[in-house]
Each structure stands twice: as C-alpha cells, then as structure tokens.
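Structure first, commentary second.
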Amino acid sequence: MRNLLRQPVEGFAQQQMLLLDPQQITLTSDRVITSDLFPAVKGMLLEPQADSAAQQALADWLEAH
C-alpha cells in the first residue's frame, strides 16, 4: 500500500487522453491515478491495481499515431 500524495502537473489534453510532461514525474517510481477518488485525501492509503482497459486504450492510441 502507498499513501496518496497530490502533486500538480502540467499536461496536454487530447480527447480522453492527458499527456504529461515526463520531466515533472518520475515514471520509475511515481504512479498516476486514472480512476476517480472521492474523497481524495492527502495521505490516504492506496492499494494500486493495474487498469487493463486504460493500458489497452493507451496501446491502441499509440498504435494509431
């Protein structure tokens, strides 16, 4: 489990995709939450789970572009 840390980042939105600046996040250790967390409270415990639908959507988008 990990604790939630809210961190502002800049990105570019295209339809349902958000492209993040890789210099603002450390992809090897940071995880991006794609689901709606309500309420998202700083420090709350999280149990990360892979989102296969989001991974497939990203793979499809990358293949098409």
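Per residue, what accessible area does the chain have, given a 1.4 Å probe and all protein chains present, in Å²? Before the final figure, lay out the partial values.
Values: 6060 Å² over 65 residues.
Each residue of the chain exposes 93 Å² on average to a 1.4 Å probe.
Mind putting a number on the dipole of the chain about its Cα centre? Charges go on the C-beta only, +1 for Lys and Arg and -1 for Asp and Glu, and I need it in Debye to the nearest 20.
Details: 4 positive and 8 negative charges, 67 e Å.
Charge dipole of the chain: 320 debye, to the nearest 20.
Net charge near Gly43, counting Lys/Arg +1 and Asp/Glu -1 over other residues with Cβ under 12 Å of its Cβ? All intermediate terms of the calculation are to be shown ahead of the outcome.
On the way: positive: Arg2, Arg6, Lys42; negative: none.
Once all neighbours under 12 Å are counted, the net charge is +3.
Please report, as a whole percent, how much of the solvent-accessible surface of the chain comes from carbon and sulfur atoms (probe radius 1.4 Å).
Reported share for carbon and sulfur atoms: 53 percent.
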**Cα-based Rg / Dmax (Å) for the chain** = 13.1, 38
**Request:** Kindly express, to the nearest 10 degrees and within the range 0 to 90, the angle between helix 52-64's C-alpha long axis and the longest C-alpha principal axis of the chain.
**Result:** 30
**Asked** When only C-alpha pairs under 8 Å and at least 6 residues apart count, what is the relative contact order of the chain, in percent?
**Response** 44
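The values are calculated or read from the model by the stated rules, or taken from the named source; none is laboratory data. All values derive from a computational prediction rather than experimental measurement. Counting neighbours? That spans all protein chains shown, and the Cβs are built from the backbone with ideal geometry, glycine included. Quick note on the areas: whole protein, heavy atoms, side chains included, nothing else; ligands and nucleic acids left out. Shrake-Rupley method; radii C 1.70, N 1.55, O 1.52, S 1.80 Å.
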